[in-house]
Amino acid sequence: RSAAPRALRAVRVRVAAGTRAYRSFRHSGRNSAKLGAALASLAAAAVLLAALVGSRSGPGPAAAPPPSAAGQPAAADPASTAGSGRAVAVPPAVRLPAAPAASELPPVSVYLTKTGGIETLPLEQYVTGVLAAEMPADFELEALKAQAIAARTFIVRRLAEGDRSGVPVSGADVVDSVGHQAYLSSKELDKWIELGKSDQLAKLRRAVEQTKGIIMTYQGKPITATFFSASGGYTENSEEYWSLKLPYLRSVPSPWDKSVNPSFKETVTIPLSELFNKLGLKDSALPAASPADQAAAPALFQIKSYTAGHNVKTMFISGQSFTGRELRERLGLRSAQFAMTLDGDDVKITTYGNGHGVGMSQWGAQGMAKQGYTTTQILKHYYTGISFAQASEWLEH
């Protein structure tokens with residue numbers, strides 16, 4: 001910290017010297033030597049300023065990415081969680097790093113699952129396509145900007161590491177589905193104009209332009225920026241879903257979802273026999289049909305433990321153990337935060353939130369933005385301990 005004031009004074013000295021040299025150049029017949037001196041002083045000031053900014057972050061080892069996808073389906077001080085009795089400590093906003101002038105980044109090649117073709121396009125154009133597919137255009141601009149940075153971070157990490165996992169053909173970097181990140185092709189976005197959605201498209205492009213090149217890093221390397229639709233009140237630790245602990249993917253409160261997400265809570269009803277069939281349970285384990293026997297039915301569903309994110313971790317159904325993720329996937333549930341009740345021959349399952357729950361909640365980001373939180377505050381809340389940098393530091397054309 002003690003070096004910062006000295007470096008800043010050096011910048012001011014260089015700028016003042018450049019200004020004096022330029023004034024002398026204007027009043028001395030535009031002598032080229034004086035102009036050169038002015039430009040040299042200003043260039044030196046720029047170098048000193050860059051060094052001062054760069055000294056604020058330090059490199060370090062990076063954690064391995066989880067083996068799964070990024071996407072599945074000026075602020076007030078920290079808000080209180082709804083009904084939790086806990087304060088949500090949102091870090092203060094920080095200045096995002098500006099994109100370097102005329103930076104050239106490698107293009108992105110996307111495998112289009114509907115046609116089997118490959119679309120190759122500039123990175124920022126790809127981010128626009130992801131933003132259009134992953135988040136409603138009527139969301140707040142700060143939420144859209146947060147999503148743009150998350151989407152850019154996800155693809156930059158893959159490109160920097162040469163990660164082609166999950167791509168069914170050679171020549172592509174990523175697929176256009178939720179296995180990686182949902183993406184709308186250039187042809188699909190062109191149709192938005194015909195459909196009268198020019199304003200929405202312009203808003204998405206503005207979010208991408210205002211965050212151009214910015215990615216999230218942890219200890220000096222791009223993070224695996226997972227995100228999902230909506231939480232049930234908390235996000236999830238990465239190891240609770242992927243069995244891989246990442247320090248920046250920690251469970252945090254997300255009370256904003258409930259107030260802004262119209263589908264925060266959903267109840268579905270399925271026949272008990274169908275549930276048993278999907279879980280591979282024997283029909284002989286079905287409870288008897290008499291009301292007397294059904295009075296003991298609550299023992300049929302027993303939640304044994306919860307995760308840090310308040311999702312079901314372990315549940316016994318008819319005496320057999322299942323993980324919350326297993327039940328979510330085999331029964332097609334929106335999330336692993338759910339409750340089951342028996343209603344005659346049917347089972348009512350109420351779920352909260354939507355998605356795997358790891359990383360940034362998109363509806364949570366919208367709720368934060370509506371309350372005045374900035375893009376950096378949103379991202380620093382959902383991704384613990386991250387910093388910001390430019391993609392050009394890891395990618396070369």
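The values are calculated or read from the model by the stated rules, or taken from the named source; none is laboratory data. None of the values given here were measured: they were computed from a predicted structure. Glycine also receives a Cβ, built like all others from the backbone with ideal geometry; neighbour counts cover every protein chain displayed.
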- Query: Just wondering, is there one or more residues in the range 361-377 that are closer than 30 Å to Lys278 by Cα, hydroxyl-bearing (Ser, Thr, Tyr) and buried (at least 24 other Cβ atoms within 10 Å of the Cβ)?
  - Reply: yes
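Quick check on the range 110-122. Is at least one of its residues modelled with pLDDT under 90 and surrounded by fewer than 16 Cβ atoms within 10 Å (Cβ to Cβ)?
Looking for residues that are modelled with pLDDT under 90 and surrounded by fewer than 16 Cβ atoms within 10 Å (Cβ to Cβ), one finds none in the range 110-122, hence no.
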- What about Gly179, is it surrounded by fewer than 17 Cβ atoms within 10 Å (Cβ to Cβ) and not in a helix (DSSP H, G or I)? no
- Yes or no: Val178 of a type outside the set (Ser, Thr, Tyr) and at pLDDT 95 or above? no
- Task: Kindly establish whether Glu239 is of a type in the set (Asp, Glu), closer than 23 Å to Ala369 by Cβ, at pLDDT 95 or above and outside the structural domain of Glu326 (by TED's automatic domain parsing).
- Result: no
- Query: Is it true that Tyr234 is out of contact with any Asp or Glu (no Cβ under 6 Å at 6 or more places or on another chain) and buried (at least 23 other Cβ atoms within 10 Å of the Cβ)?
  - Reply: yes
- Quick one: how many residues across the range 175-229 are under 18 Å from Ala137 (Cβ atoms), small (Gly, Ala, Ser) and out of contact with any Pro (no Cβ under 7 Å at 6 or more places or on another chain)? 7
- Whichever residue in the range 103-144 is over 18 Å from the mean Cα position of the chain (by Cα) and hydroxyl-bearing (Ser, Thr, Tyr) and, among such residues, is farthest from Gln371 (Cα to Cα): Thr115
- Note on the structure: (1) closer than 15 Å to Glu236 by Cα; (2) of a type in the set (Phe, Trp, Tyr); (3) at pLDDT below 95 all hold for Tyr306 apart from (3)
- Item | Failed item, numbered, when Ile270 is tested on (1) in the same structural domain as Tyr373 (by TED's automatic domain parsing); (2) modelled with pLDDT of 95 or more | (1)
- Message: As an exercise: evaluate Ala160 against (1) surrounded by fewer than 23 Cβ atoms within 10 Å (Cβ to Cβ); (2) in a loop (DSSP other than H, G, I, E, B); (3) in contact with a strand residue (DSSP E or B) (Cβ under 9 Å, 6 or more places away or on another chain) and give the number of the one condition it does not meet.
- Response: (2)
